[in-house]
Each structure stands twice: as structure tokens, then as C-alpha cells.
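Everything on this sheet refers to the single structure shown next.
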Amino acid sequence: MTLRFSRRKFLAGTAAAAGLTVLAGSYQPRAYAANAKLRIAYVGTNGQAGAHLSLAKNEQCPCYCDPDPVARQKAAAMYPQAKAYTDYRKMIDENKDAMDCVFCACPDNIHIPAAIRAMRYGKGAFVEKPAAKTVFEARLISDEVKKLKVPTQMGNQGHAGGGIRKNVEWVQGGVIGEVKEIHVWTGRPVWPQGMATRPATKPVPAGLDWDSWIGPAPFRDYHDGLNPFKWRGWYDFGTGAVGDMGCHTFDCAYWGTGCPTVTSVECVGAEKLNKETFPMKAKYKWEFAATEKNPAFIGFWYENGLKPPVPEGLKEAGKASFGGSGALFIGTKGFIVNEDDYSGNPKLYPSSLQDAASKVAKVEPSGGMHEEFLNACRGTKPWDYPKSNFIYAGAICETLLLGNLSTQVGLNQKLLWDSKNLKFTNNDAANELVTRVYRKGWEI
């Protein structure tokens, strides 16, 4: 039987299903002595987790979790006194009074089930991008953090940089006029996609807790192409290229235009569409409603070598081609071009706009994504101080994951999105993909 949840039933029942105490009200960090240290737990100890694992060297690490014994080796060497786990549920439940926050750097399938479990115990949650696996999870974390008021942060490090702030200042300061179109692209995936069938079943490697590695996803036998990295291309575990890089390359566009609401999404190009993995390459089109910052506009996503054409006006301003990843803003007065995964070095065209750019209001600088989050966990900053907290992160992920969902529906199927009610108004099959089935025992 297929198990799907209405939004109302899901929000009402998730805490009870998990047997957790739901905390409400403002975040209250534990009392700290002068030299007290944060107690940081980890879900995932390899790959991208390496960007966070050393943080506890200056703090404390009571516990960590990874189903793979090879992946646990680095954490075991760094924190020999910490408790090691293979199941994040057990780790969080048994250490809820011994931890202040959790860092989740693991397959996308596990991000929110692990993070929200910790949040409901009143703990801070830092989650690698994308923060969510599905559109519904993206909305759920935004709603939950408003209720629980705990520190959260998504690991899109470019959001804390100076380059993206310059981009946002130019857009919101009207330097290029009204934004009419945004084009965002990446050279990824750098992992296999477009496979319609699974490799042959193999024995589970010694020491690998395969049940915990699968987590909330539908169970499958072990096979090549999943652990430790190539899971990103599979619908059950990853979010493809837009999940991996969209939170970086699209961030400048989403922030700059005032966090716009999607009104429609459509997959307008793809190769090797199938039911098991994301396509080899894809192109999406979003239509966005007007915001306080910008009138209604359209946006495009390109991947794996696909790029937007160079507009004539930009050619006239001296730009002949685009690099491997980036973002293009087309305004009524000019253009902004980022050719960097993290919007680190935006360029303004034509050069005559530089004078106007020098006069725009500045965006508050950041001390870095880790500093924002850890200071909120300590209580020296408010719970919502991290700039890519789950209110923002949930919203940008919802937008990106709507693009992913469009590939599962098929080519040239314009899907009309009712954001308020979290549903499509013209496609029942698409609504089945807004959430996902959670394996028994792994519900959130």
C-alpha cells in the first residue's frame, strides 16, 4: 500500500510517531560557564562532513554516526572518547541530554529525518545542502523551525560570502533595473545519472549497516553505484545536480529578487528520463510571482554542459561566452554575470552602471556559516541569526526541488503550483511526488 500524507496529518502526527517531546518557544541554550564548550554530534563522518568534523576539536564531540565503518575511522581517530553509532535515531535519542547541536552531512535522503529528530529535542541542526529531499520536507522544516525556534543552518557557504552580497545589493538597488529573466547553470553531475536499471545485487560489505544506510528510503538490496558517493543520481537517495549545486549557484538569484514564490515549473529539456535516476542532463523553467523587490519574472536551470545563449545586449557589452557554472541576470538596464559556484565574483554589464552600483545600500556582512550557527547555539545570537536558517533554506530548496519533480513528471508538462496549499492545481500525478513514502520505523 502506498503511504502518502496530507500536510495537516503529517504535521500533526510526526512527533507522536517518533515518540519525541515537541518543544515550543524561544531557544534556551544550556547554562554555560566561562569556558564551556558546545557539544557537537555528527550524522555522517566522511566526504562533505570533513568540512565540519574538525569544529568539535575546539568544542566537544559526545557522539557521531555513520553506517560505514570506513567512514567512521576519521571521527574515531579525532574523537576517541566519543560514542560511535550506525543508526542516527539511536544516537540522537540516547544522547539528547549530552548534545547541543547536530551536523548532518550524509545522503540527502537522511538530512531532514535526522535533523528534525534533533530539533524536536530542542537541539540546533546544521544540514548540508540541500536541506531537504522533497518539496514537502522543505516546507516542513520552514514551518517547524518557526514553531520550535532552534538554531538551524544549511551548508551553502557562498551565502556568507562578500560576492553574493554585492550581487544582491546590485539587484535590490535597481542597478540593472527590473529583473526579467534569470539563468542558472552547472557543469554537474560528476556522478552517473540516466540509468534506468539497477546494477546486480551484491553481498553487503563487512561492517556496513545497510539497513541504516538505506534509512527512510524504500529498502533495496546492496549494489554498486550508491555508497559512498554515487547515490546523488538516484531518486530514492539524492537530489541530482540541482540539489547538489542549486543551493549555491541559484542562491544569488533567489536572495536578490526577494525570495520569490513559484507559480509554475516545467521540464523543458532532458536526456535519458527514467524512473530510477535523474536524467543525464536537464533544463527546467520556473515562473515566479512578483515580490516586494522585483516584478514577476522567469528563471531557467541548466546542467551537464547545457548553458543559456549569450544575449545580444551582453555581447555588445563585451561578453562572448559563459564559463562552466554560474548565473545570469537579465534586467531592463543591464546584466549581472556570475561565473562561480558561490557567486564570489559578480560582473556588471555595461560598465556605465558602475557609478550606480557604488551608491547602493549594503547588506550586512557575515562572519561565516559556521560562526553564525555556533553563536546561535551558544545563545550569543538569536536562534534565527544564521542567514541560511531553515526558514530561508526551506524556501530555496522548495523552489529547486520543484524543478527536480518536473523531471519525474516528464517533458513539456507545465505544472501550476499553488504554494499556499502545497499542491499542483493541474496534475494529480505530480502531487503524488510532493512528499515521499517513509519506510516503517523511519518516519519523521
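The values are calculated or read from the model by the stated rules, or taken from the named source; none is laboratory data. Please read all numbers here as calculations on a predicted model, not as lab measurements. A quick note on method: Cβ atoms are made from the backbone with ideal geometry, for glycine too, and the neighbour counts reach across all protein chains shown.
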Legend entry - Subset of the range 301-329 (residues that are in contact with a helix residue (DSSP H, G or I) (Cβ under 8 Å, 6 or more places away or on another chain) and closer than 14 Å to G177 by Cβ): F329
Legend entry - Breaking point among (1) surrounded by fewer than 24 Cβ atoms within 10 Å (Cβ to Cβ); (2) touching a residue at least 60 places away in the same chain (Cβ under 8 Å); (3) outside any helix (DSSP H, G or I), for W255: (3)
Inset, instruction - Consider only pairs whose beta carbons are under 9 Å apart and that are at least six residues apart or on different chains; among these, list those whose first residue lies in the range 265-286 and is over 19 Å from N427 (Cα atoms) and free of Cβ contacts under 8 Å to residues at least 60 places away in the same chain and whose second residue is among the aromatic types (F, W, Y) and not in a strand (DSSP E or B). - result: none
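Quick one: in the range 405-444, of everything that is small (G, A, S) and in contact with a strand residue (DSSP E or B) (Cβ under 8 Å, 6 or more places away or on another chain), which residue is surrounded by the fewest Cβ atoms within 10 Å (Cβ to Cβ)?
From the range 405-444, those small (G, A, S) are 406, 410, 419, 429-430, 441; that's our starting set.
Subset that is in contact with a strand residue (DSSP E or B) (Cβ under 8 Å, 6 or more places away or on another chain): 406, 410, 419, 430.
On the way: S406: 28, G410: 13, S419: 16, A430: 23.
Residue satisfying both the conditions and the ranking: G410.
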Inset, instruction - Write out, first by first residue and then by second, each pair whose Cβ atoms fall under 7 Å of each other, whose residues are 6+ apart or on separate chains, and whose first residue, in the range 218-240, is closer than 15 Å to A71 by Cβ while the second is of a type in the set (G, A, S). - result: P228/G47; P228/A71; F229/G47; W231/G238
Inset, instruction - Please identify the pairs in which a residue from the range 50-76 that is part of a helix (DSSP H, G or I) has its Cβ atom under 6 Å from the Cβ atom of a residue that is loosely packed, with under 15 Cβ neighbours inside 10 Å, counting only partners at least 6 apart or on another chain. - result: P69/G207
Legend entry - Test: D418 is at pLDDT below 95 and under 24 Å from F297 (Cα atoms): no
Legend entry - Every residue from the range 115-154 that is among the aliphatic types (A, V, I, L, M) and either farther than 24 Å from G246 by Cα or in contact with a Lys or Arg (Cβ under 7 Å, 6 or more places away or on another chain) (or both): A118, M119, L148, V150, M154
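Given the structure, is E144 assigned to a helix (DSSP H, G or I), farther than 28 Å from I298 by Cβ, touching a helix residue (DSSP H, G or I) at 6+ places or on another chain (Cβ under 7 Å) and touching a residue at least 24 places away in the same chain (Cβ under 8 Å)? If you could, list the steps in order and put the result at the bottom.
Working: assigned to a helix (DSSP H, G or I): yes; farther than 28 Å from I298 by Cβ: yes; touching a helix residue (DSSP H, G or I) at 6+ places or on another chain (Cβ under 7 Å): yes; touching a residue at least 24 places away in the same chain (Cβ under 8 Å): yes.
Yes; evaluated as a whole, the condition is true for this residue.
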Legend entry - Failed criterion for V150 (all others in (1) closer than 23 Å to N95 by Cβ; (2) not in a loop (DSSP other than H, G, I, E, B) hold): (2)
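Can you tell me which residue among T380, T435 is part of a loop (DSSP other than H, G, I, E, B), of a type outside the set (F, W, Y) and touching a Phe, Trp or Tyr at 6+ places or on another chain (Cβ under 6 Å)?
Details: T380 fails: touching a Phe, Trp or Tyr at 6+ places or on another chain (Cβ under 6 Å).
Checking each option against the conditions leaves just T435.
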